[in-house]
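Undergrad: Please see the structure below; I have some questions.
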Amino acid sequence: MSFYPIFKLGLYNAWIFMSIFILQMLVMAFVNRKIWKKSFVPLQAKRNRFEKHAGEFANLFWFIALIYSIFLPLKLNTIWFYLGLIIYIGGLIILIRATYDFIITNPNRIIKTGAYRISRHPMYLATFLITLSISIASMSWLFFILIVLMMFFFYKEACIEERLCLEIFSNEYKEYLNHVQRWIGRKK
């Protein structure tokens, strides 16, 4: 890991890993407009003063990470690259399944299938794993700091989403909360 950030335009940079998010957004946007709208926390969701801008800050740090990934070389043929690649594949599998579950579920229902059986927020979990894999595969402490900040605000968004779902779905969502962990795992 170098002390100073590396900025080098190249074909084998971290943008390769980040491009999956652009593809996911395009799929969700073009499959169905209702799906695209469902992917955002509604403005009417109750938020405290700090939470009002959590989603904006999360997306800002994600966007900065996306831009930085264009200039961030992967450390090919190193143990760090292969470790990052393994984590990336895990995150990619979760992201694909969570996106599929999200698309096929009616917008007025709680998603309890597939990835949502083991995580209440599998897309945030996948985002964390994919961006963590980039930090490892590129050995970039700056990218790691960006994802920690991004995930802090995504955590805040997850809390807002859970409060909104409790408000909308009441006891059904309360039961879901009692069976599935926020990030990963089933509760006993």
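Undergrad: Decide, for segment 71-188, between rounded, prolate and oblate: order the square roots of the alpha carbon gyration tensor eigenvalues as a ≥ b ≥ c, take rounded if a/c falls under 1.5, and otherwise choose prolate if a/b is larger than b/c, else oblate.
TA: prolate
Undergrad: Ok, one more. Let me have the 222 nm mean residue ellipticity of the chain computed from DSSP H runs of 4+ only, each contributing -39500 (n - 2.57), with the sum over all residues rounded to the nearest 500. Display every interim value, and only then the final one.
TA: Values: 7 runs with 121 residues, N = 188.
The helix contribution divided over the chain gives -21500 deg cm²/dmol.
Undergrad: Follow-up question, since we're still on this one. Treating the beta-carbon of each Lys and Arg as +1 and of each Asp and Glu as -1, no other charges, what is the dipole magnitude of the chain about its Cα centre, to the nearest 20 debye? Don't skip to the answer; put the middle values down first.
TA: On the way: 22 positive and 9 negative charges, 89 e Å.
For the chain, the charge dipole is close to 420 debye.
Undergrad: So if I take the centroid of the Cα atoms in segment 66-83 and the same for segment 85-139, what is the distance between those two points in Å?
TA: Here the two parts' Cα centres lie 21 Å apart.
Undergrad: In percent, what relative contact order does the chain have, based on Cα pairs under 8 Å that are 6 or more apart in sequence?
TA: Averaging sequence separation for qualifying contacts and normalising by length gives 31 percent for the chain.
Undergrad: Please identify the chymotrypsin sites (Phe, Trp or Tyr not before Pro) of segment 87-188 that satisfy two criteria: DSSP loop assignment and at most 15 other Cβ atoms within 10 Å. Which are they?
TA: Answer in residue order: W183.
Undergrad: Now for a separate question. Give the angle, between 0 and 90 degrees and rounded to the nearest 10, that separates the Cα long axis of helix 141-169 from the longest principal axis of the Cα atoms of the chain.
TA: With rounding to tens, the tilt is 10 degrees.
Undergrad: Work out, step by step, the length gained on full extension between L177 and R117: first 0.36 nm times the residue separation, then minus their alpha carbon distance; give nm to one decimal.
TA: Using 0.36 nm per residue and subtracting the Cα-Cα distance, I get 20.5 nm.
Undergrad: Classify segment 137-186 from the C-alpha gyration tensor, please: rounded if a/c falls under 1.5, else prolate or oblate depending on whether a/b exceeds b/c.
TA: On the way: a/c = 6.19, a/b = 2.34, b/c = 2.65.
Since a/c reaches 1.5 but b/c is at least a/b, the shape of segment 137-186 is classed as oblate.
Undergrad: Counting Lys +1, Arg +1, Asp -1, Glu -1, what net charge surrounds W62 among other residues with beta carbon under 13 Å of its beta carbon?
TA: -2
Undergrad: Next question, about the same structure. In percent, how large is the relative contact order of segment 77-188, given Cα pairs closer than 8 Å and 6 or more residues apart?
TA: 34
Undergrad: Please determine, in degrees from 0 to 90 and to the nearest 10, the orientation of helix 122-138 with respect to the longest principal axis defined by the Cα atoms of the chain, where the helix direction is its Cα long axis.
TA: Once rounded, the angle reads 10 degrees.
Undergrad: When only DSSP loop residues count, what trypsin sites (Lys or Arg not before Pro) in segment 90-119 have their Cβ near at most 13 other Cβ atoms within 10 Å?
TA: The qualifying sites are R109.
Just so you know, all these numbers are worked out from the coordinates, no wet-lab data involved. Everything quoted here is computed from the prediction, not taken from an experiment. For neighbour counting, all protein chains shown are included, and Cβ atoms are generated from backbone atoms with ideal geometry for every residue, glycine included.
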